Every structure is written in C-alpha cells, then in structure tokens.
Amino acid sequence: MQHTNWIQAAPGVWKMTVGSPEGLTPLTCLNRQPRKEAMAAMPEMPLPLNENETELIPLTAGGSLLSFPLDISEELYGMGLQFMRMNQRGRTRYLRVNSDPQQDTGETHAPASFLVSGKGYGILVDSARAVTFYCGSALRQQEGASAQARDRNTDRSWKATPVSDRLEIRLPQEGAAVYLFAGPGMLDVMRRYNLFCGGGVLPPRWGLGFWHRVPTLFRDAEVEQEAMEFRARDIPCDVIGLEPGWHSASYPVTYEWDRGRFPDPAGFVSRMKEAGFQINLWEHPYVSPESGLFGPMQPLSGNYSVWGGLAPDYALEEARELYTAQHDREHVSLGISGYKLDECDGSELTRNSWMFPPHASFPSGHDGEQMRQLYGLLLQDMTDRLYRKKNRRTYGLVRASNAGASNLPYVLYSDLYDHRQFVRALCNASFSGLLWSPEVRRADSAEDWVRRMQTVCFSPLAMLNAWGDGVKPWSFPEVEPIIRHYIRLRMRLLPYLYTVFAEYEAKGIPPFQAMPLVLAGEKQMDGESEETAGDTREGFNTAEGAYGLQAGREWDDQFCIGHDLLIAPLFAGESGRDVLLPSGVWYEAETGVRHEGNHIIHVACPLERFPLFVREGAIIPMMPALNHVPKGPQEIPVEMIHFGKMPGQSMLYDDDGETFDYEKNGGCWRKLIVKQAVDGKFSGTAEEGGPTCRYRITGWRFGQTRLPLE
C-alpha cells in the first residue's frame, strides 16, 4: 500500500500516473486542448482530497486499486449515461460499452469513467479499458464489517450491500492516468471537467430546431413530400434524417447513395436546403464488400467481421483519411449537414450479440476491448474534424461515447424505449459531459404520444424518429394541436437555448442540469458549503437520501435548462406530479401560477399542458415560431420577456449560427438588465450588438408571470 502522489495539471485539476498507461485513451484519441484560461477564471482551489487518506493498493492478480474515503451520506454521481439510477452510492459500476445492458451493472452506451461526489470533487480514469468503480459497495473487514452482520431471517434491516466508507477503483493492469477535479461544488467540478476536455459544444443554430427522421426505404420524392407536409401544417422543422435505405447496401454499409431511390443526391440536397431543411445521414462503422472503400480499407481493419463487413481501425491515420475523403466527396460537398452514427457500441452475451470480440486484434496493435470502448469517440472525432476543416458546424446523433466527449457535437440516443429511463438518462448525462435525446419513435396511445413529445421538445436534440413505424407529429390527429404548440414553443425559445449552449462552450456550464447540480450551484451562490447546506435548508437534507422531504427519492425525473427554466416531465397515466422547486420564486410558464421555491409542490396538468417553470427575475428572449431557422445574415426578431416582481439580469449570445468564426471573434455577448424605479415601474436595457449579432430586439414585456401567446 502507498499513498497517492498528485501533480497539478491545470487550474483546479491534478493528475497521477499509475503504472505504464497505454497510449490510446479517451483523452489522447480526441486530443482536445484544455481551456486553461477559462479554468483560471474560476476560484482557485487546493487539492480536494487528503493525500494521507487516499491509497494505492497493488493487487495480487495484477494492476492496482485506488481507494478514497467516503462520508456516510456522500452521494456519487456520473459514470456515463446511466438509465436506472442517479445516485450510484452503494453500487458497483462496471464501465463497459454495451448497447443492450440487461441489468443495473454500469454497462451502457457511454460509460464515462468520471465520477462526481456530492462533497465537491471529481475523479476521472483516462483509460480505453473497462474500469470498475466500487461506490461504497465493497466492505473491508477492518471497517468493522462484523458490526453490520444481520440475521436475514429475522432482521428486516438486512442489506445485500452493507454500507462501506471507501470508494475503490480497480485500475487496468497496465495502469492509467487518473485526474482529480476540485469544486468547491459539484457544478464547479463539472465546469472544470468540461473545460479540461476542451469546453462544451456549441451546435449550429439549426441543430436546436426540430428533427424528423423518415422511414427507412423512402425515396427522394417521398422525403420531400413528407418534409413539405411540415410546412403545410405550420409545424417547424429544420432537419430531415435519412435512415439505412439511402445506402446502396446496408448492414454492412457502403456509404454510397442508392441511385434507384436517390438518382440525383446533389439536386435532392439542394432542393431541401432551399426549403429550409438540413439533411442528416444514418450510418454505422462496418464497411460492405459492395463499397468502394472495402478494398483500400481491408488491410486497415480488424481480424473479425461484423455482418460480413469490415471493422476499420480508426486509430490509424490512413484509415481516418480514407473515411473522411470519401465522406467529403460523397456527402459533405453536397451539403449534407451531419450524421447519425449508429451501432458503434455493440452487444454481446445476449441473444443479439453482434460486435467483434474483446480478443479481436487491429493493425494499430489495439485489441477489441479498447476499440469497442473508443469506437464512438473515434467516429465523432473524425466527422467533427471534417466539418471543422470546412468551417462548418455539425450536430448529430451517436450511439456510443466515453469520457472527454464534452466538446463533440453529438447527442446520444438508444433503441431502448422507456420514457422514465429516457428522462433519467437526460439528467445523468449532465454529470459526464454528455448530451442525450429522449427521441420519440412510437407511442401506446395519444396520451403517451403527447407526454413523450412534450419531453422531447425540452431536450438537447428534439427528434421524432419515424424510421420503422412511419409516425409523424400528426399521427394522432386528436392531439395534433398540442404537438404543434410545443414544437413551436421550442422554436420560440431558441435564443434562450442557444445562449445556454454558448455558456457551455465558453464556461463549461452544463446546459441541462440534474437537480443535484442545480441545488449544488445555488448553495455555492449562497456562500454555503456543501457539507452544511443540507443541514441548514429545511427539506434539502441530503443525508435523508435525495434532496427532498420524501426519503429515498432522487428527483431524477426533472431538470433545469440553464439557470431559469425548470422542466418536470409527465408520463402516460399522470395528470399531475410533485415538483421540487429550488430557492426563489417560480412561475408555471403557461398558467402564471406563482410558487415559493425551496419546497416540494404538487401541480395538476391536463394533457394539453406541461410542467414548465420560469424563475422570478428571469429575462427570457423569445423569437417568432418560424418554420425553420433563418439562413445566412437574415435578422431574427427577438422579444425580451421579464418574469415577476424582481429586477434581473442575464446574457444573450449570438453569432452567425453556422461557422467557427466565434472562436476568433468571441461571438456577440449582450448583457440584459431589468431595473425597477422608485415608482415600481420596470425598464430594460441591452448592450449593443456587434457585427455578428443577428438578433434584433423588438421590445420588452415586464412583470410577466407566464410566457406570452403567439
């Protein structure tokens, strides 16, 4: 046993190297530069853990165990895209990429080996191996284990997992680089982590509009007809996604257009762009023998096939160049806006096993375990760099990711289809620098349809996926007006959403935040320490289990977008729910009902209404419900909506919405201020915009208690 030795790697970040780490890891394969200037602007913090209490223990089977002390009520969050719970305390997390996890083991599409503690520190293990975290789930004999022994036959307090006061991380045999991130609060930890990974992503403006994916075998004329139906029904839509049928062959794929269904791809893409639609292409990594890439890529691929196709070694620069050159020539040069990167995760040990095995070998010298853990990152990175060379932003979908992904312009999705799990995944993504889309594919009823679509309209990527069932926003005619209303409301809120993502890019602030992050951020603003805040705020004692008066509830079914919007989804069969409101005053955005915060309230919501809350003092910028995001330098009218009886201030961000020029000129940040005069009247001011600012402020509304009607 030895104590750990940490060396500062960036402001508020420390690194320890254990053993001889392998060269290919999530951070090294992405090679994003830490945003040290933004990190230095945060409060200076010491090493967040006592080195004398952290241990590095050699294991008899090889490798080592990293051990940290845990407080009795310490919560542990993160570890990637977790569907089944939010607080991982008391659980063992085996962090392996798996598209179809059968149990709550930690396996998932995006098993980022990054943990956030409720005490205000974070731990990252940078490895391409599957790392195991024992989150207070392994009880050492010397911890007084015998005192926790219970007779299961007679004692109802018996637990399968006794309480342990250690966090233990089993490192790969070869070793790994381990990073510690300081707080002082969990939100600060996430900011440092996101900035260390290159900052958050800023999508193109159109990426935050509504997306619709058409059925698999649609021809170009059918795609255009369905797209124009959105326009005819006055439902905004910015992106149309093509599914496998656009390929000349798929499973495995060619990456080449089917000339029967799309005889003129360039003309098709041009016509769609003229109508205000971006085109997103589905693909997966496995190259068909019918593809022109098959021959050149064969010597650069692994020794196991997937579906009879090649699994290229994208750790090799030559393979990356072949892929990007073909995609540039066949897709990007035509105006394709981005990709849906499917099946880069893999499933095995189930009846649907199909991935290359862990013992597969690749020309770069890496094995199947490493490639499977990193395949999603490698594909995201290749396509992102392709668009960066064109000075064009992209935004897309991916089914696998890992640590370090904050800067990548992709949103995770899944074939799993449980509404509650989808909302929980959206919350959990905020603890790992990931984004998640609770896409809609089908519904059991009109009620289920509405509740799913309402959630989607307040997510990082709002999408309806009709690839299999052919569903459309108007598939349930009796509720089409409700669906139209919420898609249009998302478009109206786009200036707010775009600003929230700009703060993610520049400051590392997660755009979508689970409630523990929201409450932790408030404690820091109030000047409280995380250790005492739970004891001094009535109803928020974390030792009781989960931030509320209901012991054991995690509040993993609600979240905030930015600082001023709170979203509390409803599920089929529900006409109301409990909502945990942070401190301050909050208004139901569509009824104007006022609520005191720092409480749990109950709200009733008929099907045509959704629990959306706005913080008092907020200034919400709103634009018209346009059919699509305006192109080029066209001005966008924006009205400022101020809420409640308190003054307030916020920021409004803008740029050209399409290029990376903001990285040079800083974009256009405008401070918005609402003041109140002695006579009680409000007035609002906005800093002047620069040449890159497309928003034209058309007016102000003060003292609102609800979002204005169109």
Report task. Report, ordered by chain and residue number, the aspartates and glutamates lying within cross-link reach of Lys340, taken as a straight Cα distance under 17 Å and ignoring same-chain residues fewer than 8 apart. Result -> Asp238, Glu243, Glu256, Glu283, Asp328, Glu330, Asp381, Asp384, Asp415, Glu439
**Report entry** Amide hydrogen neighbours beyond the local backbone of Ala462, cut-off 5 Å, H modeled
**Finding:** Trp211
Query - Cα-based shape type of region 332-388, given that a ≥ b ≥ c are square roots of the gyration tensor eigenvalues and the cut on a/c is 1.5 - result: oblate
Requested in this report: Answer with one residue from Phe458, Val479, Val440: the one whose Cα lies farthest towards the positive end of the charge dipole of region 440-524, charges on Cβ with Lys, Arg +1 and Asp, Glu -1.
Outcome: Phe458
Requested in this report: Arrange Met42, Met228, Met186, Met491 by Cβ neighbour counts within 10 Å, fewest through most, would you?
Outcome: Met228, Met42, Met491, Met186
Query raised in the report: Each residue of region 553-566 in order: what ³J(HN,Hα) in whole Hz does its phi give by Karplus 6.51 cos²θ - 1.76 cosθ + 1.60, θ = phi - 60°, with x for Gly and Pro?
Result: 7, 8, 6, 8, 10, 8, 6, 10, 9, x, 8, 10, 10, 10
Query raised in the report: For region 327-332, in order, what is each residue's ³J(HN,Hα) by Karplus, 6.51 cos²θ - 1.76 cosθ + 1.60 with θ = phi - 60°, in whole Hz (x at glycine and Pro)?
Result: 5, 5, 5, 8, 10, 5
Requested in this report: Could you list which residues have their amide H under 5 Å from that of Ser347, counting only those 5 or more apart in sequence or on another chain, with H placed in the peptide plane?
Outcome: Ser99, Trp354, Met355
Query - From phi via Karplus (6.51, -1.76, 1.60), per-residue ³J(HN,Hα) for region 463-479 in Hz, x at Gly/Pro - result: 9, 10, 10, 9, 4, x, 9, x, 6, 9, x, 9, 5, 10, x, 5, 10
**Report entry** Farthest toward positive dipole pole in the chain [+1 Lys/Arg, -1 Asp/Glu at C-beta], among Gly689, Asn428, Phe613
**Finding:** Gly689
Query raised in the report: For the chain, what is the mean residue ellipticity at 222 nm derived from helices alone (per DSSP H run of n ≥ 4: -39500 (n - 2.57); sum divided by total residues; nearest 500 deg cm²/dmol)?
Result: -6500 deg cm²/dmol
Query raised in the report: Based on the alpha-carbon gyration tensor of region 197-282 and its eigenvalue square roots a ≥ b ≥ c, which shape applies: rounded if a/c is under 1.5, prolate if not and a/b is larger than b/c, or oblate?
Result: oblate
Query - Cβ-placed point charges (K, R +1; D, E -1), dipole of region 330-384 about Cα centre in debye, nearest 20 - result: 120
Requested in this report: Report, by chain and number, residues whose modeled amide H sits under 5 Å from the one on Tyr410, excluding near sequence neighbours (fewer than 5 apart, same chain).
Outcome: Gly396
Query - Relative contact order, percent, region 619-704 [alpha-carbon distance under 8 Å, six or more residues apart] - result: 36
Report task. Pull out a ≥ b ≥ c, the square roots of the eigenvalues of the alpha-carbon gyration tensor of region 86-131, then state rounded if a/c is under 1.5, prolate if not and a/b is larger than b/c, and oblate in the remaining case. Result -> oblate
Requested in this report: Just the ratio, please: alpha-carbon radius of gyration of region 619-704 over 2.2 N^0.38 Å, N its number of residues.
Outcome: 1.20
Query - Pairs from Lys119/Lys671; Lys36/Lys675; Lys631/Lys671; Lys472/Lys631 whose Cα-Cα separation, in the structure shown, is over 27 Å - result: Lys119/Lys671; Lys36/Lys675
Query raised in the report: Most exposed first by the Cβ proxy, i.e. fewest other Cβ within 10 Å, how do Arg205, Arg701 rank?
Result: Arg701, Arg205
Query raised in the report: Can you give me the relative contact order of region 335-482 as a percent, contacts being Cα pairs under 8 Å and 6 or more apart?
Result: 16
Query raised in the report: How high is the FRET efficiency from Ala160 to Ala41, r the C-beta distance, R0 45 Å, rounded to 0.05?
Result: 0.50
Query raised in the report: Of Asn31, Ala319, Gly207, which is farthest on the positive side of the dipole of the chain, counting Cα position, with +1 on Lys and Arg Cβ, -1 on Asp and Glu Cβ, and the Cα centre as origin?
Result: Gly207
Query - Test item: Cα-centred dipole of region 1-131, Lys/Arg +1 and Asp/Glu -1 on Cβ, debye - result: 280
**Report entry** Given charges at beta-carbon only (K, R positive; D, E negative), |dipole| of the chain in Debye
**Finding:** 780
Query raised in the report: Is any residue of region 172-212 close enough, with backbone N under 15 Å, to a label point placed 7 angstrom from the Cα of Lys15 along the Cα-Cβ axis, and if so, which?
Result: 176-181, 193, 196-198
Query raised in the report: What ranking do Ser432, Ser117, Ser437, Ser248 get, fewest neighbouring Cβ atoms within 10 angstrom at the top?
Result: Ser248, Ser437, Ser117, Ser432
Query raised in the report: Over the chain, one equal point on each Cα, no solvent: what is log10 I(q)/I(0) by the Debye formula at q = 0.07, 0.10 Å⁻¹?
Result: -0.46, -0.98
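Every number here is computed from the coordinates shown, using simple stated rules; none is lab data. What you see is a predicted model; the values in this text were computed from it and never measured. Virtual Cβ from ideal backbone geometry, glycine too; neighbours counted across all protein chains shown.
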